[in-house]
1. Within the range 191-235, restricting attention to residues that are closer than 20 Å to Gln159 by Cβ and hydroxyl-bearing (Ser, Thr, Tyr), which residue is modelled with the lowest pLDDT?
2. Just checking, does the range 232-243 include any residue being in contact (Cβ under 8 Å) with a residue 12 or more places away in the chain and surrounded by fewer than 16 Cβ atoms within 10 Å (Cβ to Cβ)?
3. Kindly provide the set of residues from the range 118-172 that are open to solvent by 80 Å² or more (accessible area, probe 1.4 Å) and under 19 Å from Cys242 (Cα atoms), ordered by number.
4. Can you name the residue in the range 47-71 that is open to solvent by less than 10 Å² (accessible area, probe 1.4 Å) and under 23 Å from Ala276 (Cα atoms) and is also nearest to the chain's Cα centre (by Cα) among such residues?
5. Among the residues of the range 287-309, is any within 16 Å of the chain's Cα centre (by Cα), modelled with pLDDT of 95 or more and in a helix (DSSP H, G or I)?
6. Return yes when Asn3 is within 29 Å of Lys284 (Cα to Cα), open to solvent by 60 Å² or more (accessible area, probe 1.4 Å) and of a type outside the set (Val, Ile, Thr) and no when it is not.
7. Being in a helix (DSSP H, G or I) and among the polar types (S, T, N, Q) is the filter here; which residues of the range 38-54 pass it?
8. For the range 259-279, how many residues are open to solvent by 10 Å² or more (accessible area, probe 1.4 Å) and not basic (Lys, Arg)?
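The values are calculated or read from the model by the stated rules, or taken from the named source; none is laboratory data. If you're wondering where the values come from, they're calculated on a predicted model, not measured in any experiment. Here the Cβ is made from the backbone with ideal geometry for all residues, glycine too, and neighbour counts use every protein chain on show. Calculation scope for accessible area: heavy atoms of the full protein, side chains included, ligands and nucleic acids excluded. Shrake-Rupley method; radii C 1.70, N 1.55, O 1.52, S 1.80 Å.
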Amino acid sequence: MGNVQPTIVAYPDFDVLADIKAIRKACKGLGTDEEAIINILANRSCPQRLEIKQAYFDKYDDELVEVLKKELSGSFEKVVIALLDSPTVFDAKELRKAMKGAGTDEDILVEILCSRSNEEICAVKQAYNELFERDLEEDIAGDTSGDVRNLLLTLLQAQRDEGFEVDEEQAEADATELFEAGEGQFGTDESVFTTILVKRNYMQLQATFKIYEQLADSDIKDAIKNEASGTLQKCYITIVRCAKNLQLYFARRLKHGIKGIGTDEDTLIRIIVGRAEIDLETIKDMYSEKYDVPLKEAVCSECGGDFKRMLLAILH
């Protein structure tokens, strides 16, 4: 991870009573004072926002989320509600949403499951069970198939080595095995790719990719593109990108959410809210470095109204 920076930290002069009164006032009478809501929620840490939610209920016997849902709409409503969940609960809700109804939004499954730490995966499994009285592994097994199912279920075991040690001999053995499982033979042995990409620590994987490039005379991502397709390819590429630079991976996801016809507002919310207290400042740096435009500028040109104002406030 290195030295990563958030955009939201705990508000030093936090006064939960003042905040709930200000939010109550913002929602009373004719029209809603959106600016007051933005100023409070975008400048409080997640534990502070959860405290606001609880204190609001204790004082007014009203669910803050329900009050805000009545007052707000569209993407602004979505981002405000997202801010009132812990990142773990939000992940669990996004995973459920991705699997409910006809068809599965595999991009969301890939983004969340391929980029989270062991601790985050264990927490999201528990939150999913508590929220929906369902088993996340069972739902994913039922909604996916083949090699993708195997890969996602292996990720859900949360058994990645999270140390920083690099074993050069292991890297060489893994690189050779990847080469022989893919380019070196007709047909691809996916189980080898899955085991190595899911179990090794990120520094170890970086060393493996370097040796692989020397062996195969091509980038590991090129090999994956030649050897795998569809969602499996996306999973492998995502893990490679996360291993190389997690913040750059999220910058790419944001770019993907912003570019083209129509903005993928759900992806913007998921990443900007979800990473705000972890590494969003670093993601901003990666974004402007890669795309020669500040993330705030990109958001400004693609989003509008209170939704835009809230995202800009979170981005600081």
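1. Of everything passing the filter in the range 191-235, Ser191 is modelled with the lowest pLDDT.
2. No: the range 232-243 contains no residue that is in contact (Cβ under 8 Å) with a residue 12 or more places away in the chain and surrounded by fewer than 16 Cβ atoms within 10 Å (Cβ to Cβ).
3. Of everything in the range 118-172, those that are open to solvent by 80 Å² or more (accessible area, probe 1.4 Å) and under 19 Å from Cys242 (Cα atoms) turn out to be Glu119, Gln157, Gln159, Glu162, Phe164, Glu165.
4. By that ranking, first place goes to Arg49.
5. To start, the set of residues in the range 287-309 that are within 16 Å of the chain's Cα centre (by Cα) comprises 287.
Now narrow it down to the ones that are modelled with pLDDT of 95 or more: 287.
Keeping just the survivors that are in a helix (DSSP H, G or I) gives 287.
The answer is yes, given that some residue of the range 287-309 is within 16 Å of the chain's Cα centre (by Cα), modelled with pLDDT of 95 or more and in a helix (DSSP H, G or I).
6. Yes; evaluated as a whole, the condition is true for this residue.
7. Asn39, Gln48, Gln54 - these are the residues of the range 38-54 that are in a helix (DSSP H, G or I) and among the polar types (S, T, N, Q).
8. 11
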